[in-house]
Amino acid sequence: MSRILIITGEKQNLNGIYSGLVQRGFDCSTVPTNEDVIKQVRERAPDLVMLEVSGQSDSGTTELLQKIKRARQLPVIALINRRIADRPDIDLEAVDDFIIDSGDAGELVLRIKRLLNRTGSTESSEVIRCGDLVIDLAKCEVSLSGQRIACTFKEYELLR
């Protein structure tokens with residue numbers, strides 16, 4: 001089950017999208033844009049970040065996306081409000097993909113799956129999770145709160 005962190009200005013705007021993603025097997029959690037998003041990215045260890053772009057307070061969107069990319073190399077998909085889709089001042093350079101919000105989760109799910117497959121962020125049976133601790137058996141990597149931990153072979157074997 002892939003984890004998606006949804007960054008939104010107003011949670012009620014995304015109720016249909018949220019429930020559609022959960023019904024399709026995604027583990028979703030939302031965080032308001034005014035919270036410490038980077039802390040949430042580290043604590044929740046998502047596989048993908050979805051950012052709602054509503055046009056109301058997008059001045060810090062680019063900076064926020066750059067901070068997310070520095071904290072963890074995560075794929076980011078932007079969900080753009082239909083009313084502002086044609087605005088030339090929307091900066092989508094830092095996102096990996098975007099979709100115009102239609103209220104239907106079908107196309108969004110396809111784009112999320114494609115993005116997760118392309119970036120190799122799909123959850124496999126070779127990943128062990130225990131809270132913030134993630135052990136990737138295929139890559140022989142250990143991470144805690146999204147930060148990779150250097151381990152000796154013996155330490156890795158003990159964790160496994």
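The values are calculated or read from the model by the stated rules, or taken from the named source; none is laboratory data. Small disclaimer: the values here were computed from a predicted structure and weren't measured. Glycine gets a Cβ as well: all are built from the backbone with ideal geometry, and neighbour counts include every protein chain shown.
So the values come out like this:
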{"item": "Number of the exception - Leu116 against (1) modelled with pLDDT under 85; (2) hydrophobic (A, V, I, L, M, F, W, C); (3) touching a Ser or Thr at 6+ places or on another chain (Cβ under 6 Å)", "result": "(1)"}
{"item": "Subset tally (residues that are surrounded by 13 or more Cβ atoms within 10 Å (Cβ to Cβ) and under 18 Å from Lys69 (Cβ atoms)) for the range 1-49", "result": "19"}
{"item": "Of residues in the range 81-99 being at pLDDT 85 or above and of a type in the set (A, V, I, L, M, F, W, C), the one nearest to the chain's Cα centre (by Cα)", "result": "Phe98"}
{"item": "Of all residues making up the range 102-160, the number that are more than 23 Å from Val49 (Cβ to Cβ), out of contact with any strand residue (DSSP E or B) (no Cβ under 9 Å at 6 or more places or on another chain) and part of a helix (DSSP H, G or I)", "result": "4"}
{"item": "Leading residue by the ranking (surrounded by the fewest Cβ atoms within 10 Å (Cβ to Cβ)) among those in the range 137-155 that are under 22 Å from Ile4 (Cα atoms) and among the hydrophobic types (A, V, I, L, M, F, W, C)", "result": "Ala138"}
